[in-house]
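Let me begin by presenting the structure, written as C-alpha cells, before commenting on it.
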Amino acid sequence: MDAIQRVPVAAMDPHRFRSVLPPPEFAALVNLIERSAAVLSGRVVWNVNSTARGGGVVELLRPLLGYSRGSGVDARWLVIGGDPAFFSVTKRLHNHLHGTEGDGGQLGAPERRTYDQVLAVHAGALAKLVQPRDIVILHDPQTAGLVSPLHGTGATVIWRCHVGVDSSNRIAREAWNFLLPYLGDADACIFSRAAFVWAGLPASKLAVIQPSIDVFSPKNAELAGDRVLAILNRVGVLAHRSPGPPAFTRSDGTTGRVGCRAGMLQAEPLSPGDPVVAQISRWDALKDPLGVLRGFAARVAPHSPAHLLLAGPAPAAVADDPEGADIFSAVCEAWHGLPNGLRDRVHLAALPMDDVDENAAVVNALQRHATIVVQKSIAEGFGLTVAEAMWKSRPVVASRIGGIQDQIVDGESGTLISDPSDPVEFGAAILGLLGDPSRAARFGSAAHERVRTHFLGPRHLACYFELIEHLITGAGIPPTLAPDQPGPPEPDRLRAIS
C-alpha cells in the first residue's frame, strides 16, 4: 500500500479574476480574500483524496487550493494510497452511489474489513499531522472512514461527496448503509446538489455546494487557433503542419510545449476541416463511451460526414480507477468491429498523464477544435467537461441527469437528452446542431455566459470559506448552503440506471 502523498500546490493569485468578473463581484471577491485570511490565520485546511491525477475531484482541488493559498490561507493536499482490493471496494461504492451495480460485487463484512484496514493505517499517519484548530476536508467514499479518527484530533472535519443519483434506489442505499456509520462525527457533509443528499444524515450537518472550473488553468485558458492545430498535430490527433509551436501557458505562468504523443487508435488522423463530435472523459462505464460510439455509428455517421473522437486519460495513469483499462479495451474492441469506411471516421485517444499541465493543454485543444462536445453519461455528479466545453463556447449535447441538468438550460445553452440509452434521441440532437451552425453558435455563446455567471472559482471559494467560517465559530451550516430538501425522493418503485 502506498504511503500518504503530499501534493505540492502553487499559490495562484485570485485577483486575476478581475478580467472575467463584473466590478461588484470582483470587489466581493477581494473582501472574501481579506476576511478568510484573517479567520483562518494559524489554521491549516487539509484536503484528502485518493489520487493526484485524473478525475473530477483532482480538477476541482488544484485550483481551489491554489487560489486559497493565493488568498493567504494555508491549504494543503494529501493523497491516500491503497491496494487493489481497497480500490476495488471504493470503485464499487462509487458505482453504487450512482445507483448502478458496477462489477456486481458485494458490500458486506469482507469488503468492510478491507476498507477499514487500509484507512486505519492512514488515520494514524494523518492524526500526527492534523492539529486541533485545523480543518480537514475529506473527499468521496475513499476517505469516509477517516472522519472519526481525525475528528478525534480536535479538528473540524468535513466530508465532501462528489457523486450521487437523482432518485435513490436499492443499490444506492446499499452504499449509503455501508458509509453512514463512518460519518457520525463529521461537522458537515457537502453534496453537489440537493437531490444527492442521503436519507439518514442529520439535516443540521448538510450543505450543498456546486463545483466550478478554473478558467485560467491550462485546460481552460485562451488558446489561439494555430496553437490548437499545432498541439493536436503533435499528439497525433490531427494531420496538419502548423507554422506555430505546440505551446501553452503552464499553471505557474511559464510557457510549456506539448511534446507527448497520445495513444491513438485510428485509420488516419483527422484533417483540419473535418466536423468533429467529441467526448472527452475518463474510461468509465458511467460515461458510456461504448454507447457514444454505437450511437454515432448507427445514428450520426449515415447522415453526416462528421468524425467521432473519444478521448480520455491513459488507463494505467488513474490509480483509483481499476475499471478504466477494461472499459478502454472494450471501446477498442468495438472500434475494430466497425465496418472499414465507418472505422475511418472514429478516433480513440489515450492521453498521457505524466505532465498534468501538458495533459490539460491537450484537452483544451481537443475541446476547442470540436464542432460539438457530447457527454452521454449514464450518471454524473457534476459534468466538469460540460462546463469546460461551455466556457469555450462549444455547443454541448449531454444527458439530462445529475449536475448536468443544473449546468445546461435545454434549448438555450445546450441540448439535454432525456434518455441516455436512446440512440435515436442522441443522434437527432447531434444532427440537429451539425445541420444548423447558427443555432449551434447561439448555444455556445449562451453556454459561455452561463458558466461565467454560475460556475467560476470565486463562487465556489466563497461557499467553502463561508461554510468553514460558520463551522469554526459554532454557527453551523449557513442558510445559503442548506439543501432545499432533506434527501432524494423515494418513490415506491425505482428502476436502477442501466
Fully extended, how many nm does the chain gain between S418 and T255 (0.36 nm per residue separation, minus their Cα-Cα distance)? 54.4 nm
Can you return the lysines within cross-link range of K91? Criterion is Cα-Cα under 16 Å, with same-chain partners fewer than 8 residues away left out. K287
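Using the Cα gyration tensor of the stretch 220-332, with a ≥ b ≥ c the square roots of its eigenvalues, what is the shape: rounded (a/c below 1.5), prolate (a/b larger than b/c) or oblate (neither)? Don't jump to the answer; show the numbers that get you there.
Details: a/c = 2.21, a/b = 1.25, b/c = 1.77.
Since a/c reaches 1.5 but b/c is at least a/b, the shape of the stretch 220-332 is classed as oblate.
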Could you tell me the center-to-center distance, by alpha carbons, between the stretch 361-440 and the stretch 38-97 in angstrom? 27 Å
In sequence order, calculated HN-Hα J values of the stretch 369-381 (Karplus, 6.51, -1.76, 1.60; Hz; x Gly/Pro): 7, 5, 6, 9, 9, 10, 9, 8, 5, 7, 8, 7, x
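Could the peptides 274-282, 223-231, 60-68, 30-38 be put in order, highest first, of the mean number of other beta-carbon atoms found within 10 Å of their residues? Spell out each step's value before the answer.
Values: 274-282: 22.1, 223-231: 20.0, 60-68: 23.9, 30-38: 15.1.
Ranking, from highest mean packing down: 60-68, 274-282, 223-231, 30-38.
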List the lysines whose Cα sits under 20 Å from the Cα of K392, skipping any in the same chain fewer than 8 residues away. K219, K376
Rounded to the nearest 10 degrees, the helix 56-70 long axis (Cα) sits at an angle to the longest Cα principal axis of the chain of 60 degrees
Match the structure shown to one of the listed values (1) 21.7; (2) 30.9; (3) 26.8 of mean projected area of the Cα convex hull in nm², computed from it, and give that label. (1)
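Please compute the contact order of the stretch 350-498 in relative form: average sequence separation of alpha-carbon pairs under 8 Å and at least six residues apart, divided by the residue count, as a percent. Mind dumping the intermediate values first?
On the way: 181 pairs, mean separation 28.5, N = 149.
So the answer I get is 19 percent.
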What's the center-to-center distance, using Cα atoms, between the stretch 163-235 and the stretch 240-318 in Å? 24 Å
Karplus couplings for the stretch 197-208 from phi (6.51 cos²θ - 1.76 cosθ + 1.60, θ = phi - 60°), rounded to Hz, Gly and Pro as x? 5, 7, 5, x, 8, x, 4, 5, 10, 9, 9, 10
What residues qualify as long-range amide H neighbours of W77, i.e. H under 5 Å apart, gap of 5 or more or another chain, H built at 1.01 Å from N? V7, N47
With θ set to phi - 60° and the Karplus curve 6.51 cos²θ - 1.76 cosθ + 1.60, what are the ³J(HN,Hα) couplings of the stretch 331-339 in order, to the nearest whole Hz, using x for Gly and Pro? 5, 4, 5, 5, 4, 4, x, 6, x
Antiparallel as a % of all DSSP beta bridges within the stretch 183-313, to the nearest 5? 25 percent
Long-range HN-HN contacts of T249 with modeled amide H, under 5 Å: G256
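If you take the square roots of the eigenvalues of the alpha-carbon gyration tensor of the stretch 281-405 and sort them as a ≥ b ≥ c, do you get rounded (a/c under 1.5), prolate (a/b over b/c) or oblate?
Taking the square roots of the gyration eigenvalues as a ≥ b ≥ c, the stretch 281-405 is rounded.
Read-outs: derived from the displayed coordinates by stated rules, not from any lab. Note that this is a predicted model, so its numbers are computed, not measured. So basically every Cβ, Gly included, is an ideal-geometry build from the backbone, and we count neighbours across all protein chains shown.
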